[in-house]
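Worksheet: the structure to be examined is printed underneath.
The values are calculated or read from the model by the stated rules, or taken from the named source; none is laboratory data. Computed from a predicted model, the values in this text were never measured in an experiment. No Cβ is skipped: glycine too gets one built from the backbone with ideal geometry, and neighbour counts run over all protein chains shown.
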Amino acid sequence: MHAPEIEFKDKEQVKRFQEKKLGELLDYLLAFSPFYKELFEKNKIQRSDINTLEDLTKVPVSSKYDLYSRNFDFLCVPKNKIVDYVTTSGTLGDPVTFALTDGDLDRLGYNEAISFLCAECSADDIFQLTTTIDRRFMAGLAYFLGARKLGAGLVRVGSGIPELQWDTIQRINPTVLVAVPSFIIKLIEYAEANNIDYKSSSVQKAICIGESVRNPDFSLNTLGQKIQDKWGIKLYSTYASTEMVTAFTECGASQGGHHHPELIIVEFLDDNNVPVKEGEPGEVTITTLGVEGMPLLRFKTGDICTANYDQCECGRTSMRLGPILGRKNQMIKYKGTSLYPPALYDILDTMPMIKNYIVEVFTNEIGTDEILIRIGCVDVLENFEKEIKDHFRAKLRVAPMVRFEDPKLIQSLQFPEISRKAIKFFDKRNPVLS
Ligand SMILES: [Zn+2]
């Protein structure tokens, strides 16, 4: 299998290619999507009004709230065409259901196969899946289908259980881990504690999901650097979501996740839903291409990213998506500075004395944002609080409140029973009407 040719075409060719695909999508939505049919009628938009990518701005954006409140109005096929159901966390805590057809599963596998190709993987690789494939989760299934499509091998270990992970590494000799970066740290710690010679293991690289391993300038962040220093395996970031049914995965140049033009149209919008200037951070807004079950048109993901359009060292000309700077609704305005939680995590991750932590944000008496960092720490040394605050001041110019607690308590807050991944950010601010 080879990388699709469209990833190497010039900008104008990609645009024309996407406009053709967009036309097919609009015909499909106006024939089968109750939600989008109504949206076009209500806003008096004709199919013939939308011919170019620029014309897309005539269509109102769709939000997570639309998906939550009108969930099955997004469905374009009869129920007997659905093969797989997954859920994703919604805005108001209740999950949103996504339904995939047989064709959608093929598309999902294709998407992941070309993402693996981007990450310099081939049919000769063996993947070890350290994330869950069930629990109504789409990603694990995508990795399985992608490896199969690529012609590679895959072993489904599932999440957690470092002992089973290492037993599998020694038994099957995988070359690639698909893993959450902080779990790779756990694997290293387990290996060190149990005298496993992890540096001579078969593992050469990791596809890193769920957490960023890079700073906005593409250098490794604290978490990524820690893995690199300890183990030396090559890290490839990937960004994906259930709604997008598409992944943006880094190539060997490590300069952002590559866009696959046949699968998705991406816009970067400001707070007024106007496209930002090229290269400025904006909210990733997507239009899925080729999806049958629940296609989305101008869906706002809530993730703030920057796009890069220069040709990449790998030869691809496709747009590259920088690390997520933050989630739109998670922006904190603190003492005159705008912050996103990842900037706080990156500082906390550098301090070995900190066992674990959560970040709480709430509204104080004067109506502005206040940050409390609850730190799990066994022996709190004198001056440690000052050391942490100095560190914050040096990096971010402001120092949040700090409270030391039992690491076990923090651990239980990070992993409530129904959660699939660690929760580090707790937003307790008064809701803002917008
Ligand atoms: Zn590249």
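Considering Val359, Val284, the condition of being touching a Phe, Trp or Tyr at 6+ places or on another chain (Cβ under 6 Å), assigned to a strand (DSSP E or B), of a type in the set (A, V, I, L, M, F, W, C) and more than 16 Å from the ligand (Cβ to nearest atom) is satisfied by Val359 alone. Of all residues in the range 333-344, none satisfies being in contact with a Cys (Cβ under 6 Å, 6 or more places away or on another chain) and either within 16 Å of the ligand (Cβ to nearest atom) or not in a strand (DSSP E or B) (or both). Of all the listed residues (Arg298, Arg320, Arg316), the sole one being within 16 Å of the ligand (Cβ to nearest atom) and under 12 Å from Val266 (Cα atoms) is Arg320. Listed by first and then second residue, the pairs linking a residue in the range 306-327 that is of a type in the set (Asp, Glu) to a residue that is within 14 Å of the ligand (Cβ to nearest atom) and modelled with pLDDT of 95 or more, with Cβ atoms under 8 Å apart and 6 or more places separating them unless they lie on different chains, are Glu313/Cys251; Glu313/Gly252; Glu313/Ala253; Glu313/Gln255. Is at least one residue of the range 211-218 under 22 Å from Asp310 (Cβ atoms), within 16 Å of the ligand (Cβ to nearest atom) and crowded, with 20+ Cβ neighbours inside 10 Å? Yes: the range 211-218 contains one or more residues that are under 22 Å from Asp310 (Cβ atoms), within 16 Å of the ligand (Cβ to nearest atom) and crowded, with 20+ Cβ neighbours inside 10 Å.
Before we move on, is Ile265 under 18 Å from the mean Cα position of the chain (by Cα), at pLDDT below 95, away from the ligand (no atom under 16 Å from the Cβ) and crowded, with 19+ Cβ neighbours inside 10 Å? So Ile265 does not fit the description; no. A count restricted to the range 48-89 and to residues that are hydrophobic (A, V, I, L, M, F, W, C) and surrounded by fewer than 16 Cβ atoms within 10 Å (Cβ to Cβ) stands at 2. Of all residues in the range 378-403, those satisfying the criterion of being in a loop (DSSP other than H, G, I, E, B), at pLDDT below 90 and either among the β-branched types (Val, Ile, Thr) or surrounded by 15 or more Cβ atoms within 10 Å (Cβ to Cβ) (or both) are Val378, Val380, Val398, Ala399. So for the range 114-125 (the condition being in a loop (DSSP other than H, G, I, E, B), within 20 Å of the chain's Cα centre (by Cα), within 16 Å of the ligand (Cβ to nearest atom) and among the small types (Gly, Ala, Ser)), does at least one residue qualify? Checking the range 114-125: at least one residue is in a loop (DSSP other than H, G, I, E, B), within 20 Å of the chain's Cα centre (by Cα), within 16 Å of the ligand (Cβ to nearest atom) and among the small types (Gly, Ala, Ser). Considering Ile161, Ile169, the condition of being surrounded by fewer than 21 Cβ atoms within 10 Å (Cβ to Cβ), of a type in the set (Val, Ile, Thr) and more than 16 Å from the ligand (Cβ to nearest atom) is satisfied by Ile161 alone. For the range 229-247, the condition holds for at least one residue, the condition being that it is at pLDDT 95 or above, of a type in the set (Phe, Trp, Tyr) and away from the ligand (no atom under 16 Å from the Cβ).
Here the condition is being crowded, with 18+ Cβ neighbours inside 10 Å and in contact with a Ser or Thr (Cβ under 6 Å, 6 or more places away or on another chain); of Gly322, Gly326, it holds for Gly322 alone. If the condition is being among the hydrophobic types (A, V, I, L, M, F, W, C) and either within 16 Å of the ligand (Cβ to nearest atom) or over 29 Å from Ala3 (Cβ atoms) (or both), then the range 301-313 contributes Ala307, Cys312.
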